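For reference, the structure discussed in these notes is given below.
The values are calculated or read from the model by the stated rules, or taken from the named source; none is laboratory data. Small disclaimer: the values here were computed from a predicted structure and weren't measured. Positions of Cβ are generated from backbone atoms using ideal geometry, with glycine treated the same way; all protein chains shown enter the neighbour counts.
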Amino acid sequence: MNLASVVGDAEAPREEPPVMVEVDADGARVRDTMYVFLSRLVDASLRPAAASLTDLQYIVRQLERISTCVDWSTCVVRWGDFSLFDEDASTAIEFDYQRFAPFLDLALHQVLSQYYAEDYANRGKCSPSLVFSCVPRCLGIRALRASMVGQLCSIKGVVTRTSQVRPELIVGVFRCNDCGTESQPVLQPFHYTEPPACRDPECENKNRFQLVPSHPQTRFGDWQKVRLQEDANNIPAGCVPRTMELIARNDAVEVAKPGDRVIAVGCPIVVPEVAKLLSQSHRREVQREMSGVQRAQQEAQQEMEGATGLRALGVRELNYRMCFLATTITDANGDDRKMTEAVKDSADGAAERAHVRLTPAELEKVQLMRSHDNLLKALTECVAPNIFKHDVVKLGLLLQMVGGVSKNTLEQIGLRGDINVCIVGDPSTAKSRFLKWVASNVSRGVYTSGKASTASGLTATVTRDADTGDRTIEAGALMLSDRGVCCIDEFDKMEVKDQVAIHEAMEQQTISIAKAGIKATLSARTSLLAAMNPIGGKYDRRKPLQKNVAMTAPIMSRFDLMFVIVDESNDDADYAIADQLLRLHRFGDRAVRPPFSPEDFQLYLRYTRSLTPRLKEESVQLIVSAYRDMRLQDSLSNRSKVYRVTTRLLESIIRLSEAVAKLYMSEDVRPAHVEVALELMRQSLSTLDMTEVELVGTLDPFEVASEGV
């Protein structure tokens, strides 16, 4: 059914706009069209009785929230819903969005004033805005041109830096410095705008006005600067990634954080290069001529202007740069904060993550996958399917992608649920392929090389903002992969001082910064996946692991799982590997057919990551018994060891058991889940010269899963 036929026609509102705007016939028509669209959704008596607008009730809920909630002022409309209603108006808005945006806000203001008058009036100062989402016109950062300024579009990239939220003048009331008469409210269209003349006919003042911040009709809004970088998959060969500064307003502030892959909807704008406007010597001369009071007034005025620009730039030639005015920011991976509720701290301090909201069809598909005869084996075959064998390593990576359950103690000390994995192997054993596959198949995956990474590049560094001169924190790889996986290749090539820098991030999952007057503790809730070559380029089976790798004991103890891949000559294995590679070169993706499609596999992982299984008493007893046996055998061993059985190993077993329970969509961690984790741990410990530690025998973890789960 066409939405226009359902909504029908409505008489255009006659309410005058609340601020001074230039008369625009096309803008008035856009305003009236949006008013018709919104008013008929709100007022059920004005539409046919048989009409059903269930799919558009999200707009009505937003209007109700704006009218009652002081902290919410944005109404988001899906672009497809409005374009179905009026194609001509949507086309006009798309190609001249910056011009028509104020009229869309006026239409929203009129609907709120008419249908939610009492609640809306009690909100006080309010600047409601109507924005669009799901705009199909998605452009790359390097594809933006001057001809696209003001047009509605969306861009995609990775957030690398965010600024603090600052105020911005939206509507201002000014007082004449000569006679004291106050002006009508003046809209601020991206630059500081004063009244053209005083309202008093007897006053001839045209340029001496002062803003009245305390006036009821003077309104300020929030804005934030976000730096967006091109996604690595969209960078042409031989090119460096381009960046673009986003200006987020109102409810779009504090939505994105460093490391997020986002889609920003808005329009490109052009702003002057303020930092390059004056030479350094000229700026010092101006500062010397200004008194202390004048300097304070200028700084206060610039702070109030915010993102709208400068008050006056003079006749000096300017340099301009392009920015992107973002009205909505959503996650590009699909499982964003609007699909999952925020992590909440319960009364006992445990962090509980809400379930992912799935459609009935998606939920049915997940349940069908769960009913697979050998679920663990099938899911493992979906991990890096183009890599031959290494099923145990793939199982470890699968558990890492799902993760355990993060918790908080009564003292608000975090207990990490993320799983750290290290792969040690001879050259040409597909270590880098494992890392690249994981980085590209998790929502916040970052791939980097240890040789080219420093301590500040992995954690965080303090830089100076080119526009404001303020000190800001530049996120490193571990911060960018917060709630994701950070993949570090060539881990053995890192300097020792750089390895020490990630001690805190691997266990406490925080990064402490104390430099340049900034002292902060930043979150790095990430899983670490490291790959390294053995000393000399060939793993020596006669030596324990710590003698084969250049890694300190503190770093080694922070890995939950460590796998060794040895390149040995074997006729059957060599033939199978050669056959696999040749089929990949001949048939491409058709050479391997995993049990589940990549989309279904991602859906299953996205759902299971949100589960929070709890340990049962039987599982606790099994874990305690296994840990006591490991401690006893380790203390009775006469061989000198660098790696000791500590409580970190106990916590690793708990995390792995919780990850197995998540894969089976279980509310509790059962003993069968613990046995799978213990068997996987046994195979990992055997590489650390601890073969004398026996947990549940020498069974394959998939056999344990098929027998007990």
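Some observations on this one:
- Restricting attention to the stretch 142-188, the residues that are in contact with a helix residue (DSSP H, G or I) (Cβ under 8 Å, 6 or more places away or on another chain), assigned to a loop (DSSP other than H, G, I, E, B) and hydroxyl-bearing (Ser, Thr, Tyr) add up to 0.
- The residues of the stretch 116-134 that are of a type in the set (A, V, I, L, M) and either at pLDDT 90 or above or more than 27 Å from Ile170 (Cα to Cα) (or both), listed by number, are Leu130, Val131.
- In the stretch 477-514, of all residues being among the acidic types (Asp, Glu), touching a helix residue (DSSP H, G or I) at 6+ places or on another chain (Cβ under 9 Å) and at negative phi, the one that is modelled with the highest pLDDT corresponds to Asp489.
For (1) of a type in the set (D, E, K, R); (2) modelled with pLDDT of 90 or more; (3) assigned to a helix (DSSP H, G or I); (4) out of contact with any helix residue (DSSP H, G or I) (no Cβ under 8 Å at 6 or more places or on another chain), each residue gets a yes or a no:
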| position | (1), (2), (3), (4) |
| --- | --- |
| Asp55 | yes, no, yes, no |
| Val60 | no, no, yes, no |
| Ser67 | no, no, yes, no |
| Val77 | no, yes, no, no |
| Gly80 | no, no, yes, yes |
| Phe100 | no, yes, yes, no |
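A quick yes/no check of all residues on (1) without any contact (Cβ under 8 Å) to a residue 60 or more places away in the chain; (2) more than 29 Å from the chain's Cα centre (by Cα); (3) crowded, with 17+ Cβ neighbours inside 10 Å:
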site	(1), (2), (3)
Asp572	yes, yes, no
Tyr575	yes, yes, no
Phe587	yes, yes, no
Pro598	no, no, no
Arg606	no, no, yes
Glu618	yes, yes, no
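- If you go through the stretch 462-496 and keep only what is without any contact (Cβ under 8 Å) to a residue 40 or more places away in the chain and closer than 26 Å to Ala332 by Cα, you end up with Gly476, Ala477.
- Residue check for Leu106: of a type in the set (A, V, I, L, M, F, W, C), touching a residue at least 60 places away in the same chain (Cβ under 8 Å), in a helix (DSSP H, G or I) and at negative phi: yes
- Within the stretch 165-213, considering residues that are among the small types (Gly, Ala, Ser) and surrounded by 13 or more Cβ atoms within 10 Å (Cβ to Cβ), the one farthest from Ser129 (Cα to Cα): Ala197
- The listed residues are Leu313, Leu325, Leu358, Leu318, and the only one of them that is at pLDDT 75 or above, under 30 Å from Ile155 (Cβ atoms) and assigned by TED's automatic domain parsing to the domain that holds Gln210 turns out to be Leu325.
- Exactly one residue among Pro598, Pro671 is at pLDDT 90 or above and farther than 15 Å from Gly404 by Cα, and that residue is Pro671.
Rundown of residues vs (1) more than 16 Å from Ser481 (Cβ to Cβ); (2) in contact with a Pro (Cβ under 7 Å, 6 or more places away or on another chain); (3) among the polar types (S, T, N, Q), yes/no style:
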site	(1), (2), (3)
Ala378	yes, yes, no
Gln400	no, no, yes
Asn408	yes, no, yes
Val424	yes, yes, no
Val438	no, no, no
Arg444	no, no, no
Thr459	no, no, yes
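- Restricted to helices (runs of 4 or more DSSP H) entirely inside the stretch 354-404, those with at least 2 residues that are under 29 Å from Val566 (Cβ atoms) are 375-381, 391-402.
- Selection of strands (runs of 3 or more DSSP E) fully inside the stretch 483-601 by the criterion of at least 1 residues being in the same structural domain as Val392 (by TED's automatic domain parsing) and hydroxyl-bearing (Ser, Thr, Tyr) returns 510-515, 518-523, 527-532.
- Residue match in the stretch 458-474 (condition: in contact with an Asp or Glu (Cβ under 9 Å, 6 or more places away or on another chain), buried (at least 21 other Cβ atoms within 10 Å of the Cβ), in a loop (DSSP other than H, G, I, E, B) and in the same structural domain as Leu397 (by TED's automatic domain parsing)): yes
- Only one of the numbered conditions (1) in a helix (DSSP H, G or I); (2) aromatic (Phe, Trp, Tyr); (3) surrounded by fewer than 21 Cβ atoms within 10 Å (Cβ to Cβ) is not met by Phe434, and that is (3).
- From the list Gly517, Gly537, the lone residue that is surrounded by fewer than 18 Cβ atoms within 10 Å (Cβ to Cβ) and at pLDDT 80 or above is Gly537.
- Every residue from the stretch 240-265 that is assigned to a loop (DSSP other than H, G, I, E, B), more than 19 Å from Val131 (Cβ to Cβ) and either without any contact (Cβ under 8 Å) to a residue 24 or more places away in the chain or within 12 Å of the chain's Cα centre (by Cα) (or both): Val240, Pro241, Lys257, Pro258, Gly259
- Only one of the listed residues (Ser133, Ser147) is surrounded by fewer than 22 Cβ atoms within 10 Å (Cβ to Cβ) and under 18 Å from the mean Cα position of the chain (by Cα). That residue is Ser133.
- In the stretch 225-232 there is at least one residue that is modelled with pLDDT under 85 and under 30 Å from Gly445 (Cα atoms).
- Residue check: Ser371 meets all listed conditions (1) in contact with a helix residue (DSSP H, G or I) (Cβ under 9 Å, 6 or more places away or on another chain); (2) farther than 21 Å from Asp498 by Cβ; (3) not charged (D, E, K, R) but one, namely (1).
- Filtered residue count, the stretch 108-123, keeping only those that are within 18 Å of Arg219 (Cα to Cα) and in contact with a Pro (Cβ under 8 Å, 6 or more places away or on another chain): 4
- Out of Glu651, Glu675, Glu667, sole residue that is crowded, with 24+ Cβ neighbours inside 10 Å and on the phi < 0 side of the Ramachandran plot: Glu675
- Any chance Tyr97 is in contact with a Cys (Cβ under 6 Å, 6 or more places away or on another chain) and either among the hydroxyl-bearing types (Ser, Thr, Tyr) or on the phi > 0 side of the Ramachandran plot (or both): yes
- Scoring Leu688 on the criteria (1) modelled with pLDDT of 90 or more; (2) closer than 30 Å to Asn548 by Cα leaves a single failure, condition (1).
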